[in-house]
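A short worksheet on the structure shown next.
The values are calculated or read from the model by the stated rules, or taken from the named source; none is laboratory data. All figures in this text were calculated on a predicted structure; none of them were measured in a lab. Backbone-built Cβ (ideal geometry, glycine too); neighbour counts: all protein chains shown.
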Amino acid sequence: MDQTAAIGMLESLSSPVRLDIFRLLVRQGPEGMVAGDIATTLDVPPTNLSFHLKTLTRAGLLTVTQEGRFQRYRANLPAMLDLVAYLTEECCAGHPEQCIDVPALSGCQDVTPTRSPHTRES
């Protein structure tokens, strides 16, 4: 992950509504939720919700699948773990063997990041 991608993800989470959406979808796991159910659960007007969903999707934190006339949103857990890996890659002064196992502690040990957590991309 590069700095620009990390900044985009962090900026997209800087809204309380978007952070609530992302956390809700992380809790839902691979099943995700359709937009209407997200709006109802979080009590967010549908027009406002679509703006927030688009922002999170554009940042790469959500994926969306068309299901008939509904759109199902899912948290992009590998991207989330890539972001955590990017934020912690200098942990323990470059000695990752001394660091905690972040995916295991996050409850996402079955999710594979798209890159090695200790490999920096230019």
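Taken over region 44-63, the residue count meeting the criterion of being part of a loop (DSSP other than H, G, I, E, B) and farther than 17 Å from GLU11 by Cα is 2.
Evaluation of ILE21 against the conditions (1) touching a strand residue (DSSP E or B) at 6+ places or on another chain (Cβ under 9 Å); (2) β-branched (Val, Ile, Thr); (3) surrounded by fewer than 19 Cβ atoms within 10 Å (Cβ to Cβ) shows that the sole unmet condition is (3).
Candidates in region 30-51 are the residues that are in contact with a Leu (Cβ under 8 Å, 6 or more places away or on another chain) and without any contact (Cβ under 8 Å) to a residue 24 or more places away in the chain; of these, the one that is nearest to TYR73 (Cα to Cα) is ALA39.
Report yes if some residue within region 39-50 is touching a helix residue (DSSP H, G or I) at 6+ places or on another chain (Cβ under 6 Å), surrounded by 14 or more Cβ atoms within 10 Å (Cβ to Cβ) and closer than 23 Å to LEU81 by Cα; otherwise report no. No - not one qualifying residue is present in region 39-50. Among the helices (runs of 4 or more DSSP H) confined to region 1-43, the ones with at least 3 residues that are over 14 Å from the mean Cα position of the chain (by Cα) and over 23 Å from GLU90 (Cβ atoms) are located at 35-42. The sole residue among ARG72, ARG18 that is in contact with a helix residue (DSSP H, G or I) (Cβ under 7 Å, 6 or more places away or on another chain) and charged (D, E, K, R) is ARG18.
Evaluating THR119 against the criteria (1) modelled with pLDDT under 70; (2) part of a helix (DSSP H, G or I) leaves one unmet condition, (2).
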